[in-house]
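Asker: Got a structure here, written out as structure tokens. Questions coming.
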Amino acid sequence: MRNSRWLLLAALAVAGLAGCGGASRTEAQPEAAAAGGASPTALQANAQMAQGLKLDDPQDFEDARRGLIARPEGRILAADGRVLRDFADYQFEDGPAPDTVNPSLWRHARLNAQIGLFKVTDGIYQLRGFDIANITLIDGKTGWIVVDALTSRESAAAAMAFARQHLGNKPVSAVVFSHSHADHFGGALGVISAEEVAARKVPVVASIGFMEEATSENVLVGTGMARRSAYQFGKDLPHNARGNVDTGLGKDVVYGSIGILAPTVIISQPTQELVLDGVRFIFHNVPGAEAPAEMTFTLPERHAYGGAENLSQTMHNLLPIRGAKVRDAQRWAAYMQQALDQVADCEVYFGQHNWPVWGHDRIVELITKHRDVYQYTHDQTVRLINAGYTPYEIADKVKLPPSLSSYFGARGYYGDLRHNVKAVYQFYMGHYDGNPANLNPLPAAESSKHYVELMGGADKVVSAAQAAYGQGDYRWAAELLNHVVFAQADQAAAKELLARCYEQMGYMAESATWRNSYLLGAQELRNGPPKRGVDRSSMADMLGQTPVERFLEAMAASLDGPAADGKNLKINLVLTDTHESYVLWIENAVLHHRQAEPAADANATLTLTKPIFIKVMSGTAGLNDTLLSKDVSLKGSKLDLLSFLRLLDKAPGTFPIVTR
């Protein structure tokens with residue numbers, strides 16, 4: 001069995017050759033590459049890709065522009081004046097691909113840059129480019145049935161205002177959430193207020209499990225996932241040909257105020273019919289593929305199919321690089337097979353990302369290609385697992401057949417085949433590759449010190465990496481330099497050369513998420529990690545709808561176990577507005593909770609309202625200040641309560657990713 005540790009031997013060999021012209025090869029790189037431009041290797045790779053694809057096929061551009069009613073101008077602003085979306089940001093995406101962008105990704109980015117209000121078919125409209133996702137408007141008898149709500153209140157409100165400006169000032173008569181990811185529900189309060197939903201009894205429709213999945217992911221691992229999502233979506237990259245050009249699913253995410261509406265109608269059956277404002281929907285539950293809770297639907301009278309996010313104009317992720325629960329490729333393929341029957345009478349497909357497809361035969365082609373991409377990825381990965389290959393070996397071996405790789409609508413602009421292969425491996429086998437050498441490896445920072453020492457010191461490793469960079473072997477150069485950066489975080493030459501490796505790999509990447517990650521990694525090597533992490537105040541509206549149990553689970557997951565060892569603290573938590581009471585206690589360095597009446601032997605009893613509790617737990621209010629509120633009371637030992645809270649880690653979400 002081959003093992004990645006063989007790289008050490010190769011490193012020693014390269015280090016031994018580093019004095020034989022390695023530096024001169026690096027110096028031979030053109031000035032453009034040294035200054036941040038594309039190297040000859042990147043130029044050649046991009047040129048080869050351009051020759052192998054029919055990038056001038058006009059059909060997708062015709063589809064992406066079809067039905068345009070109006071384009072937005074100007075900016076979307078936050079309440080504090082921050083620019084959340086500037087509609088001029090992507091105007092540079094015109095003409096041939098620049099040297100610093102993969103030509104296939106450039107084509108896809110230009111398609112996603114067709115933003116505005118579009119008519120899909122009679123009675124169906126879409127707002128695209130106001131955020132990473134789409135809002136779909138379906139004309140009902142009395143108002144708009146709104147499918148999905150973007151990421152933020154601000155972007156959703158701007159989109160709805162733009163639609164009313166051009167289509168008329170209709171009320172919202174129903175809201176449908178296609179699935180449990182924040183870019184589809186976070187802007188709900190910009191579509192309609194909770195008060196209006198209650199007063200007018202507006203149905204809010206979602207699939208079974210939606211609320212639990214929507215809130216648990218964001219509360220339990222929200223800090224770590226948000227930090228990594230900045231890489232996936234290129235949050236802090238400039239909008240230009242050397243920075244953020246796209247995300248694959250759409251343009252960039254609008255990081256505004258995130259909220260949610262609790263569903264009033266649950267789709268619980270595999271197939272369930274529902275009439276909303278006079279429009280007949282046939283919903284199909286499809287959990288466990290793109291999202292843990294998701295549903296697609298058909299509109300029989302309008303011969304239309306809403307594919308949610310199981311279908312987009314790109315290969316999707318089986319495991320996003322931001323992190324998530326691993327997705328089931330085989331189940332995803334099975335849902336696509338079911339969809340072929342569900343679209344029997346459909347003449348238009350629309351999704352909650354990218355642009356629609358018209359014509360039954362073309363819809364069938366889209367679904368069939370996606371079905372077979374996921375099934376092929378699954379089957380070939382499993383075949384090679386059973387042949388004894390490791391995940392990284394399989395990722396380099398599996399290639400899609402031409403019948404699939406030539407289809408633009410299933411290429412890896414958002415997901416990536418190599419990453420999806422590793423996800424299938426993890427789904428079945430976990431992260432361990434079976435080699436005992438990798439059963440209990442050293443942490444990266446520790447092993448890197450040994451590697452660098454064994455290779456003769458940082459200078460020799462950098463010299464070897466310079467030779468690899470000069471030959472265009474950026475993957476190997478990056479692997480060498482990563483050891484130096486982890487072993488010696490202040491090694492400026494290694495950090496700069498690694499940043500240049502990441503830039504070149506980013507310029508060649510067809511996946512927007514890989515490009516963003518490489519380029520943001522380069523930026524972080526030069527400028528350091530962000531000064532501020534996730535601003536939890538932006539999620540106040542969503543956290544207010546989150547069950548208390550999710551916060552208590554997150555508290556347990558933030559307990560500093562070693563510090564809690566031997567501590568036996570018990571705290572009563574009483575929420576006066578929701579009439580809930582919980583007992584929290586530490587036992588065996590584990591934080592437990594149960595819903596119960598206050599325990600008589602508790603060290604302290606904290607009585608407060610849920611909004612104040614959320615502020616304390618999210619770090620937007622200090623406990624000492626909170627205790628002065630008239631809505632808060634404390635019985636028992638304040639000292640014990642503070643001791644309890646000090647055992648909870650408060651992760652700022654600014655941890656380094658490319659250095660340690």
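Every number here is computed from the coordinates shown, using simple stated rules; none is lab data. Quick caveat, the model's predicted, so the values are computed rather than measured. Using ideal geometry, Cβ is built from the backbone for each residue, glycine included, and neighbour counts are taken over all protein chains shown.
Asker: Calculate, for ALA589 and VAL326, the FRET efficiency according to 1/(1 + (r/R0)^6) with r their C-beta to C-beta distance and R0 22 Å; round to the nearest 0.05. Don't skip to the end; give the middle numbers.
Answerer: On the way: r = 29 Å, r/R0 = 1.31.
The computed FRET efficiency comes out at 0.15.
Asker: Within a 10 angstrom radius of the beta carbon, how do GLU154, GLU365 rank from fewest other beta carbons to most?
Answerer: Fewest to most other Cβ atoms nearby, the residues stand as GLU365, GLU154.
Asker: Next question. Under 27 Å Cα-Cα from LYS397, which lysines qualify once same-chain neighbours fewer than 8 residues away are excluded?
Answerer: Partners found: LYS54, LYS325, LYS369, LYS422.
Asker: Extension gain GLN338-ALA444, at 0.36 nm per residue separation less the Cα-Cα distance, in nm?
Answerer: Once the chain is fully extended between GLN338 and ALA444, it gains 33.7 nm.
Asker: Read phi for every residue in segment 287-292 and hand back ³J(HN,Hα) as whole Hz from Karplus 6.51 cos²θ - 1.76 cosθ + 1.60, θ = phi - 60°, with x for Gly and Pro.
Answerer: Karplus-based 3J(HN,Hα) across segment 287-292 equals x, x, 10, 5, 9, x Hz.
Asker: Check the straight Cα-Cα distances from LYS251 and name the lysines below 21 Å, setting aside those fewer than 8 residues away within the same chain.
Answerer: LYS119, LYS235
Asker: Given the alpha-carbon gyration tensor of segment 547-646, what are the semi-axes of its equivalent ellipsoid in whole angstrom, ordered largest first, with each equal to the square root of 5 times an eigenvalue?
Answerer: That gives 20, 14, 14 Å for the three semi-axes.
Asker: Hey, another quick one. Take ALA387 and ASP122, extend 7 Å from each Cα along the Cα→Cβ direction, and tell me the distance between the two endpoints in nm.
Answerer: Each label point lies 7 Å from its Cα, and together they span 5.4 nm.
Asker: Note the full-extension length gain between ASP577 and VAL221 as 0.36 nm times their separation in residues minus their Cα-Cα distance, in nm to one decimal.
Answerer: My answer for the length gained is 125.5 nm.
Asker: So in the chain, what percent of DSSP beta bridges are antiparallel if you round to the nearest 5?
Answerer: Details: 51 of 68 bridges.
The antiparallel fraction comes to roughly 75 percent.
Asker: Suppose R0 equals 22 Å; then what is the FRET efficiency for ILE69 and SER406 from their Cβ-Cβ distance, rounded to the nearest 0.05?
Answerer: Between ILE69 and SER406 the formula returns 0.10.
Asker: Pairs of alpha-carbon atoms within less than 8 angstrom and 6+ residues apart define the contacts here; what relative contact order does segment 547-646 have, in percent? Intermediate results must be reported in sequence, preceding the final value.
Answerer: Details: 148 pairs, mean separation 23.8, N = 100.
Answer for segment 547-646 is 24 percent.
Asker: Right, here's the next one. Kindly provide the helix-only [θ] at 222 nm of the chain, computed as the sum of -39,500 (n - 2.57) over DSSP H runs of four or more divided by all residues, to the nearest 500 deg cm²/dmol?
Answerer: -12500 deg cm²/dmol
Asker: Still on this structure: Over all distinct Cα pairs, what is the inverse of the mean 1/r for segment 201-286, reported as the Kirkwood hydrodynamic radius in Å?
Answerer: Radius from the Kirkwood sum: 16.1 Å.
Asker: Once you put a point 7 Å from the Cα of ARG82 and another 7 Å from the Cα of GLU553, both along the Cβ direction, what distance in nm separates them?
Answerer: It is 2.7 nm.
Asker: Sequence neighbours fewer than 8 away in the same chain don't count; with that in mind, list the aspartates and glutamates whose C-alpha is under 12 Å from LYS650.
Answerer: ASP560
Asker: Give me the number: length gained by fully extending GLU196 to HIS431, i.e. 0.36 nm times residue separation minus the C-alpha to C-alpha distance, one decimal in nm.
Answerer: 79.9 nm
Asker: Under 1.5 on a/c is rounded, so check that first for segment 255-312, then, if it is not, pick prolate when a/b is larger than b/c and oblate when it is not; a ≥ b ≥ c are the square roots of the alpha carbon gyration tensor eigenvalues.
Answerer: Taking the square roots of the gyration eigenvalues as a ≥ b ≥ c, segment 255-312 is prolate.
Asker: A follow-up question, please. Quick one: Cα centre-to-centre distance for segment 114-184 and segment 210-281, in angstrom?
Answerer: So the two Cα centres are separated by 14 Å.
Asker: Hey, another quick one. Using label points projected 7 Å from each Cα along Cα→Cβ, tell me how many nm separate LEU645 and GLU365, to one decimal.
Answerer: 6.1 nm
Asker: Here is a follow-up. Looking at THR142, TRP476, GLY248, which one has the Cα that reaches farthest to the positive end of the dipole of the chain (charges on Cβ: Lys, Arg +1; Asp, Glu -1)?
Answerer: Of the candidates, TRP476 comes out farthest on the positive side.
Asker: With contacts defined as alpha carbon pairs under 8 Å and 6 or more residues apart, what's the relative contact order of the chain in percent?
Answerer: Relative contact order of the chain: 14 percent.
Asker: Still on this structure, please answer the following. Where both residues lie in segment 547-646, what percent of DSSP beta bridges are antiparallel, nearest 5?
Answerer: 75 percent
Asker: From Cα pairs below 8 angstrom and at least 6 apart in sequence, can you work out the relative contact order of segment 59-422, rounded to a whole percent?
Answerer: 15 percent
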